[in-house]
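> Sharing a structure below in structure tokens format, with a few things to ask.
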Amino acid sequence: MPSLDLQRPIDKRVYKGTQPTCHDFNQFTAGTETLALLVGFSAGQVQYLDLAKKDSAGRLFNEERLIDKSKVTLVKWLPDTERLFLASHASGHLYLYDSEQPCGATSPQYTLVTQGEGFRVFSCKSKTPRNPLLKWAVGSGPLNEFAFSPDGRSLACVSQDGVLRVFHFSSMLLQGMMRSYFGGLLCVCWSPDGRYVVTGGEDDLVTVWSFAEGRVVARGHGHKSWVNAVAFDPFTPPPPPPDGGGGDGQGDTPEDPATTPPSVTYRFGSAGQDTQFCLWDLTEDVLDPRPPPPRARPTPGDPPPSISIPGGLPRSLSRSNSLPQPGGGGGPQISPRVPPPAPVLSVGRFATLTLRDPRAPPEKEHKRYHSLGNISRGGGNNAEKPPGGGTGGSRGSLDMAKVLGTALCPRLHEVPLLEPLVCKKIAQERLTVLLFLEDCIVTACQEGLICTWARPGVSVSAGRGPGGDLG
């Protein structure tokens, strides 16, 4: 197979009057005969192109903007389908299209199919088949991003109202919800096994939500501005087998759980408007917290021990019985773990990302936009009230005053607060794209630069590519 010439694009198109905002290739049908591409635009249209056919002019959906006049925030083919795709808009609506059906010459009329907390689903009334097949009204404000679960059955949506909603796609039923600490949620992704969902948004945090348990299991604080992109690393090595799965049992000594580092179960990354890339580890002690060992019973006649709790008991203790109670008022602090050495790859064309040294002096602070600021780990009054609050009372939104301190939005000290394994400024403009490949990490920024980075722990040869050595 001939090598690709990255200086000569396969196809190039220039648009006037509207700007492309998103795109998606159909991986299911991609081949030598067809390469189906969807492009969403700022004026609301969606274009279908087949790049394998040079003379193909493509098809335009919502051409007259009769379906929706707002910006397309994301387009995505349905998993393992040839013709169906979804398009979300800044209006808060999500549309299901058939690429072989027309859109019609008049505005569509809809019939309510189902509805629930913060969403409604409509079908298009028409005597002949036409687009859109379905219309979803999700939350309030723009629908910023959505993602299918690995099995294609569930759909996670994040909106400007700060709510993550997970639907069973075929039945259109709501499976779970989560509220951001404050502000809108901007990005979402699933773990490779479909057990966890990670979100990022205007609270500068990454939030890990358990799909099976329906609760927030951890938050991560490392960004100094909004988080624009999150992605799981599907190439993270699996955790080691449980005790008894290997070895001959001779000469083995029991390991002390207090000194044995927890194994890394998941790894994900985030990219933000602060131009920083962060890499996070989810370890077993975070996902499966164990209760503290039982205290020794005092002998009769001994005076009761005095207990000193800094800052007193948290006020939300009585409201968070459904949540795991971390030891200490500020929640456990997950220290960075150094991963096992990765195989040496040929990475001369990559810049590098280095592991964060917790003893190194802090980097110069990036200008904060609408950011969370310094998080108090003590669970005091400053940590109880999220800056900016929430917009309660609007259609489909969750009142922050009612959900803060519940399973929908636990307080900062009620769940573990992760620290990034890597936190590095890698661009001059805000980062917009993050992708994990087997041999590198790919990022893109508002400046239009697409960069490849070597994975942490991989040595770099002398001939470095553009971007230099960040180590």
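The values are calculated or read from the model by the stated rules, or taken from the named source; none is laboratory data. Just so it is clear, the structure is predicted and the values come from calculations on it, not from any experiment. Don't worry about glycine lacking a Cβ; one is built from the backbone with ideal geometry, like all the others, and counts go over all protein chains shown. Just the protein is used for accessible areas: all its heavy atoms, side chains included, with ligands, DNA and RNA removed. Shrake-Rupley method; radii C 1.70, N 1.55, O 1.52, S 1.80 Å.
To keep it simple, each residue is scored yes or no on (1) in contact (Cβ under 8 Å) with a residue 60 or more places away in the chain; (2) surrounded by fewer than 23 Cβ atoms within 10 Å (Cβ to Cβ).
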{"position": "TYR196", "(1), (2)": "yes, no"}
{"position": "THR199", "(1), (2)": "no, no"}
{"position": "ALA212", "(1), (2)": "no, yes"}
{"position": "LYS224", "(1), (2)": "yes, yes"}
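> Moving to a separate point now. Sort out which residues of segment 106-119 are open to solvent by 90 Å² or more (accessible area, probe 1.4 Å) and more than 18 Å from ASN62 (Cβ to Cβ), and write them in order of number.
Answer for segment 106-119, where residues must be open to solvent by 90 Å² or more (accessible area, probe 1.4 Å) and more than 18 Å from ASN62 (Cβ to Cβ): GLN115, GLU117.
> Can we say VAL121 is closer than 13 Å to ARG165 by Cβ and not charged (D, E, K, R)?
For VAL121, the condition - closer than 13 Å to ARG165 by Cβ and not charged (D, E, K, R) - is met.
> Restricting segment 78-91 to residues that are without any contact (Cβ under 8 Å) to a residue 60 or more places away in the chain and either touching a helix residue (DSSP H, G or I) at 6+ places or on another chain (Cβ under 9 Å) or over 25 Å from GLY141 (Cβ atoms) (or both), which is most open to solvent (accessible area, probe 1.4 Å)?
For segment 78-91, the residue satisfying everything is GLU82.
> For segment 386-434: of the residues being surrounded by fewer than 16 Cβ atoms within 10 Å (Cβ to Cβ) and either under 18 Å from the mean Cα position of the chain (by Cα) or in a helix (DSSP H, G or I) (or both), which is modelled with the highest pLDDT?
Within segment 386-434, the match that is modelled with the highest pLDDT is VAL433.
> Could you please find all residues in segment 25-45 being within 18 Å of HIS93 (Cβ to Cβ) and either under 24 Å from the mean Cα position of the chain (by Cα) or without any contact (Cβ under 8 Å) to a residue 24 or more places away in the chain (or both)?
Once the filter is applied, which keeps residues that are within 18 Å of HIS93 (Cβ to Cβ) and either under 24 Å from the mean Cα position of the chain (by Cα) or without any contact (Cβ under 8 Å) to a residue 24 or more places away in the chain (or both), segment 25-45 yields LEU38, GLY40, PHE41, SER42.
> Considering only residues of segment 120-148 that are open to solvent by less than 10 Å² (accessible area, probe 1.4 Å) and not in a strand (DSSP E or B), which is nearest to LEU96 (Cα to Cα)?
The extreme case among them is PRO132.
> Is there a residue in segment 168-189 that is basic (Lys, Arg), in a strand (DSSP E or B), open to solvent by less than 10 Å² (accessible area, probe 1.4 Å) and in contact with a strand residue (DSSP E or B) (Cβ under 9 Å, 6 or more places away or on another chain)?
Looking through segment 168-189, at least one residue is basic (Lys, Arg), in a strand (DSSP E or B), open to solvent by less than 10 Å² (accessible area, probe 1.4 Å) and in contact with a strand residue (DSSP E or B) (Cβ under 9 Å, 6 or more places away or on another chain).
> Please enumerate the residues belonging to segment 28-64 that are touching a Gly at 6+ places or on another chain (Cβ under 9 Å), open to solvent by less than 30 Å² (accessible area, probe 1.4 Å) and assigned to a loop (DSSP other than H, G, I, E, B).
If the condition is that a residue be touching a Gly at 6+ places or on another chain (Cβ under 9 Å), open to solvent by less than 30 Å² (accessible area, probe 1.4 Å) and assigned to a loop (DSSP other than H, G, I, E, B), then ALA43, ASN62 are the ones that fit.
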